[in-house]
Structure formats: C-alpha cells, structure tokens
Amino acid sequence: MSRVRTESGVVEGLEADGLHHFRNVPFAASPFGANRFLPPQPVEPWDGVRDATKRGVSAPQQDDTTPLAPWIGPQETGEDCLTLEIHTPDVGSTKLPVIVHIHGGAYISGAGSLPAYEGSNFARHGVVYVTINYRLGIEGFLYLGEGHDNLGLRDQTAALAWVQRNIAAFGGDPDRVTIMGQSGGAVSVMANLAMPSSRGLFAQAISMSGCSVPSIDVDGAAKFTRQVAKRLGVAPTVEGMAGVSSDRGVKATTSAVGRFALGLVLGDSRSLLISPFQMVRGTESLPFDSLTAAQNGSAASVPLLAGTARNELIDIIAAVRTTAPALSPLLNAGLGRALKLHRAQIEAYRNGPRRIAKRSTLLEAAWTDWAFRIPTIELLEARTPPSWLYEFRWQPETFAPGLGAYHAIDVPFARDDLDMLLALGDAGRERLGANPPRELATQVHEAFVRFAQTGDPGWEPYDTADRQTMIFDTPSTVVPDAAGIEREAWAGKR
C-alpha cells in the first residue's frame, strides 16, 4: 500500500511491480443534491485515511451491454463521480512529467477509470498518468444560463487545477502537465486550449481524433434546453431541472441522442457531429469556439500533437449494415444530402491516392474528413507552431483493405497495451486481428511518452510549407501533406 497526503486528506492506494495506483480520489464534491447544475464545488476534507484502492463510480449514463463493455463501458455509475485516478512510478520522486487523460464518449458516456485508459505503461516509462471523470449529457452540457454552462468542461478545469495543487505529492511536476484525450476527450482538449480558466493549468496537449467544430451559440443552446425541458415537463431553469432524478436525466440524454442521430437519415448536416451535446460558445467560460480561439492566438505557446484515424466513422456505417441493413440505403442517401459534396471533393476520393469507387466507402471517407481530419488540420494551421500531425492507418487483417483504421483503434497503441483487448477473446480479436503489430504499439507509445517528456514526439513539426505528417502503419513513415488532395478539395467548403 502507498499513502499520500492531498490537500483534503490522506489517500491510500495500491502498490505493485514498483508502481503506485490511486483510485477514486475526489477533485470536487458530488455534483448532485445541493450542487446540481452548479460549477464544481470544493471537496470536503476528511479525517483519517481514505481508501483509494477501489474503482469509483462513473458519471450517470446509459449502461453499455456490448461485448466490448469491459474495455470501453462503465461498470457502475453514481452521483459522487467527480474523481480521478493516478498511476505514478514513484511517490517519492519530483519533477516527473504528467499526463492528464480526458476520456471520450461524445459527452454522453465513458469514464477515466475504464480499463481502456489504464496508465501503468505510462508510469512504467516515467510519466505520472492521471485519468479524470466529468459530468455527461444533460448534467454536464445542458445550457442553463451564464454560470451554469459548460459544466462538464468546468469539471475538467477543476481537475486540472487539482493536479496543479496536488500532483507534486505523487511525484509529478505541475509545470510539465500534458492534457490528452481521444474523441470527445480530444474535443475537450481543443476546448481547454480555448478556455480562459484553463490557461496555465497545462503546458502541452495531445488530441486523438478530435474536432474543432462542435460548439453551439447561446441562443441555439437555450433552444435545445427548452426542448429537453419540455419533454421532461419542467421549466428550462436550474430549479426546474434540479427536480429531475439522475435516472430520468440519463433517459433524457439517451432520447436526445436518438433524435439527433435520426438527422443522419434525414440529411441534417448538424447530425454529422454525432452528439447533440456540445460546448457552448459566447459565454464567460468559453468566449470563442476552438478554431476561432486558435486564430485569436489562444494557447499559442502550448505544443500540440494531434491526429486522426484513417476510417473514423466506419464502425457506425458497418453497424447499420449489420443490424439494420434496410436502413443502409437511407443512411447513404442521408449522408449524401448532409455532406453536400462538390464535384472536386468527389473526384479527390475517386481519382486521388485512395481510388475509392464504392459510394458508401466514399461517403465514409468524406464524413471522416468532414468531422475529424480536416477540422484537426484547420486547427493546426490556425495556430502558431509548434504543432505535430499524425494519421493512424494500420488496420487488422479482419477488415477489407482501406476500411479498418477505425475510431479509437489508436488508443491501445498509444498505451502500448494490445493485450487488454485481446483478453476479451473473439470480440477483442475482431478489433485487432490475431497478431497485431506490437512494434507499432511500442512506436506510438514512445512518441507519446517523448512528447510528454520533451514537447517533441520525434518528427518535424507541422507547418503550411511542408505539412509533415507521421503515418503510423507497418512501416511508419513521415510524408509531406498526407491529406493534400482532400485538404485542397475541402478548402472553404465545410
């Protein structure tokens, strides 16, 4: 067992193989009861020693019953959910680099304590690794007026502030904090680069499959709140929503997502963003969206490593084909209407380096570029360097050529832990194949560790002259302007 004194009291965590793991450590008070729909509140100090050996609860959300739930889905939810986990190589050390990981899940699901984000390999290589929870769905991203906005993002800021005040006790250097996230976590990374309250709380950032687009203005956010409140039969206010149980709140979140997803079939371009829960711009907490903030020079001195997978949306399209094949033509038609592809864009996919002939494959590639790849490149090009770009292209042999570098495939590679997925049996092998390239996992992990340690992942920075891009594959290679033809076709047309 290992003991560390935090600002609120002593925590006792696990010790094994020379590493230390602290679980369910609160960085803010429970955001329910008297704190419902308020910004994160301080933790009440405790006497004695707090048990930090067991996993805490995840933020309230819908249960995940898929075969991959042990890897990506929560096991228990609850209201005292604003907690974090810490993996550290040495509680007696000082000045070790720190990574704070923000989980994904489209702002409706996920938790920092999931096996998918376990951080022992980072700790084994000299990094203090922190994973955090934050409020989701209507609890974290429903706009209820100034001061009651972007609550999930405010939770993230509170966690980062806690790290600044406490991480030295776990061996970390508060001046060497890197924030890292994938999917919704990567969108959060981009948001934190834009948030005034997050300035100075981290020195570097890693965005994995993020998007600089998802935000809504105050008027649009208020309209969405009124729609949710009307369906719940309450006033669209803090007081009205506070009377809704957390279980009803989860159901309201799920219903809102279902209605939003229907827009894909109907050809609504807003639904290309996948989740109706987005950051609210034009507020004190977030004056500008991520891209505008970058153009205005926000966080210009913060090194950023960002990248995407080759086929981010293939799983969604494949799921429709498998579970509801009758909907597949409707989805393709809806995507076509939502994307509104110009001739130059279609030609870029058909006659460019990818040579895509099949319409559904072309639509997936365009959707990936619309939602992830192009917005990531736009953010890098709006910033003052230094920034680095990667694209993850390796795919399992279980997928057809060009169709398998799916959303989140790079997560176990970044952790250099493929066995976590393979241990799930057939479900894991379907995601990674029988013999995934462990040397690639080591390479990606080493690049991320090096970035946390030095602010440089090991290849040339991205700029608009050369646009150097690391292609993670077997073998990996750095190429200039990997997205060139598609990037030019999308210029000014998103």
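The values are calculated or read from the model by the stated rules, or taken from the named source; none is laboratory data. Since the model is a prediction, treat every value here as computed from it, not as a measurement. Note that we place each Cβ from the backbone using ideal geometry, even for glycine, and neighbour counts take in every protein chain shown.
Data for the structure
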| read-out | value |
| --- | --- |
| Residue in segment 255-264 that is buried (at least 20 other Cβ atoms within 10 Å of the Cβ), modelled with pLDDT of 90 or more, assigned to a helix (DSSP H, G or I) and in contact with a helix residue (DSSP H, G or I) (Cβ under 7 Å, 6 or more places away or on another chain) present | yes |
| Residue in segment 174-182 that is at pLDDT 95 or above, within 15 Å of Ile99 (Cα to Cα), of a type in the set (S, T, N, Q) and surrounded by 22 or more Cβ atoms within 10 Å (Cβ to Cβ) present | yes |
| Filter result (surrounded by 23 or more Cβ atoms within 10 Å (Cβ to Cβ), of a type in the set (Val, Ile, Thr) and over 16 Å from the mean Cα position of the chain (by Cα)) within segment 284-317 | Ile314 |
| Selection count where residues are closer than 12 Å to Phe392 by Cα and either assigned by TED's automatic domain parsing to the domain that holds Thr178 or of a type in the set (D, E, K, R) (or both), scope segment 456-494 | 1 |
| Search result, residues across segment 439-459 that are acidic (Asp, Glu) and exposed (fewer than 14 other Cβ atoms within 10 Å of the Cβ) | Glu439 |
| Residue within segment 68-80 that is of a type in the set (A, V, I, L, M, F, W, C), touching a helix residue (DSSP H, G or I) at 6+ places or on another chain (Cβ under 8 Å) and in a helix (DSSP H, G or I) present | yes |
| Hits in segment 324-338 - residues which are assigned to a helix (DSSP H, G or I) and either over 17 Å from Ala365 (Cβ atoms) or not polar (S, T, N, Q) (or both) | Pro325, Ala326, Leu327, Pro329, Leu330, Leu331, Ala333, Gly334, Leu335, Gly336, Arg337, Ala338 |
| Contacts under 8 angstrom Cβ, first residue in segment 153-180 being of a type in the set (Ser, Thr, Tyr), partner assigned to a strand (DSSP E or B), 6 or more apart | Thr178/Pro97; Thr178/Val98; Thr178/Ile99; Thr178/Val100; Thr178/Gln204; Thr178/Ala205; Thr178/Ile206 |
| Selected residue [among the basic types (Lys, Arg), over 20 Å from Lys493 (Cα atoms) and not in a helix (DSSP H, G or I)] from Arg321, Arg354 | Arg354 |
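Matching residues to (1) of a type outside the set (Lys, Arg); (2) not in a loop (DSSP other than H, G, I, E, B):
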site: Ser207; (1), (2): yes, yes
site: Gly210; (1), (2): yes, no
site: Ala221; (1), (2): yes, yes
site: Arg226; (1), (2): no, yes
site: Arg231; (1), (2): no, yes
site: Ala235; (1), (2): yes, no
site: Gly240; (1), (2): yes, yes
site: Asp247; (1), (2): yes, yes
